[in-house]
1. For Val223, only one of the following conditions fails: (1) of a type in the set (Val, Ile, Thr); (2) out of contact with any helix residue (DSSP H, G or I) (no Cβ under 6 Å at 6 or more places or on another chain); (3) over 24 Å from Thr104 (Cβ atoms). What is its number?
2. List pairs: first in the stretch 19-48 and loosely packed, with under 12 Cβ neighbours inside 10 Å, second aromatic (Phe, Trp, Tyr), Cβ under 9 Å, 6+ apart or cross-chain?
3. Only one of Asn160, Asn168 is over 20 Å from Glu269 (Cβ atoms), out of contact with any His (no Cβ under 6 Å at 6 or more places or on another chain) and among the polar types (S, T, N, Q). Can you tell me which?
4. State whether the residues of the stretch 142-163 include one that is within 28 Å of Ala106 (Cα to Cα), at pLDDT below 95 and of a type in the set (Gly, Ala, Ser).
5. So Ile102 ticks every box in (1) crowded, with 19+ Cβ neighbours inside 10 Å; (2) outside any helix (DSSP H, G or I); (3) touching a residue at least 60 places away in the same chain (Cβ under 8 Å) but one. Which box is left unticked?
6. In the stretch 150-204, what residues are in a strand (DSSP E or B) and among the β-branched types (Val, Ile, Thr)?
7. Would you mention how many residues in the stretch 37-67 are under 14 Å from Pro264 (Cβ atoms) and β-branched (Val, Ile, Thr)?
Amino acid sequence: MKRDLLSEYDLKVEEIDGLFARAKELKAWLREGRPYRPLAGKTLGMIFEKASTRTRLSFEVGMIQLGGNAVFLNPRDTQLGRGETVADTARIMSRYLDIVMIRTFAQQTVEEFARHATIPVINGLTDLLHPCQILSDIYTILEHRGDYRGLKIAYVGDGNNVANSWINAAARLPFHLTLACPEGYDPDAFILERAYREAPCGVTLHRDPAEAVKGADVVYTDVWASMGKEDEQEKRARAFRDYQVNAGLVALASSRVLIMHCLPAHRGEEITSEVMDGPRSIVWDQAENRLHVQKAILEMLLKED
């Protein structure tokens, strides 16, 4: 029976922990030079309606390392760009491919594709959610802290797809999430309200970044103007001017705080180079771990399918 990964809610807590354990094994085997190719003969289709560096590289390289193949597609290369429906495209691609990853704008596009596909579908990013990023980020915290349970994770900035996925994760897993977003830039209301009801350790939304990061074990940020919002850059720069992750803000967190950013970063805007390149930063580890966690996801979905 085919399974999809469209949001964190598609995974049980024990499955998330299982993915982390598997990612650790796959990472170790890669560094040892141990060949492991369980997906030989399998092909991943990668549909990109949004540009990407880390998502494309991590999925494509990951599939190749597992012995499979990866095919890059954008709307200019397919009939999607000429008006073919998502449903028809899903049906056709299911005849050629073994699994699909989609990076697009609307969450509804990924969900419609999954409804009509007979192969597993992975959400590589939408305007609403970025589940693979956050799963990789939590795994990175686990690497550095030995556990994510009971930690305080503070997100500072725009209530975008990354913030929404952090909220979904906090609704499933036992860590406390605080967010600091300026008024008018809140996360998705439905996702936030659901987390208020379901989060085992709580989710809180602040206007003051200092309140959000006080005593935090992790401080996380993202760009102020996500892809597709570039025309709002000046307006957002004014709204977010007090939300920069800098040395002064980080000083309010735990002395062992970890600094994270999903990249790409606009240095000097949402984060200073001093903090991003500082000794508490694990930005590059979290970028690398996209590869290892997504390999575990690909293996899980294809083996189950």
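The values are calculated or read from the model by the stated rules, or taken from the named source; none is laboratory data. On a predicted model such as this, the values are computed, not experimentally measured, just so you know. As a convention, Cβ positions derive from the backbone with ideal geometry for all residues, glycine included, and neighbour counts pool all protein chains shown.
1. (3)
2. These pairs meet every condition: Pro35/Trp29.
3. Sole residue among the options that is over 20 Å from Glu269 (Cβ atoms), out of contact with any His (no Cβ under 6 Å at 6 or more places or on another chain) and among the polar types (S, T, N, Q): Asn168.
4. No; the residues of the stretch 142-163 include none that is within 28 Å of Ala106 (Cα to Cα), at pLDDT below 95 and of a type in the set (Gly, Ala, Ser).
5. Of the numbered conditions (1) crowded, with 19+ Cβ neighbours inside 10 Å; (2) outside any helix (DSSP H, G or I); (3) touching a residue at least 60 places away in the same chain (Cβ under 8 Å), the odd one out for Ile102 is (3).
6. Passing the criteria: Ile153, Val156, Thr178, Val203, Thr204.
7. Residues in the stretch 37-67 being under 14 Å from Pro264 (Cβ atoms) and β-branched (Val, Ile, Thr): 2 in total.
So that you can scan it fast, the table gives a plain yes or no per residue for (1) in a helix (DSSP H, G or I); (2) of a type in the set (Asp, Glu); (3) modelled with pLDDT under 95; (4) in the same structural domain as Trp29 (by TED's automatic domain parsing):
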{"site": "Gly248", "(1), (2), (3), (4)": "yes, no, no, no"}
{"site": "Ala253", "(1), (2), (3), (4)": "no, no, no, no"}
{"site": "Arg256", "(1), (2), (3), (4)": "no, no, no, no"}
{"site": "Met260", "(1), (2), (3), (4)": "no, no, no, no"}
{"site": "Leu263", "(1), (2), (3), (4)": "no, no, no, no"}
{"site": "Glu269", "(1), (2), (3), (4)": "no, yes, no, no"}
{"site": "Glu274", "(1), (2), (3), (4)": "yes, yes, no, no"}
{"site": "Pro279", "(1), (2), (3), (4)": "no, no, no, no"}
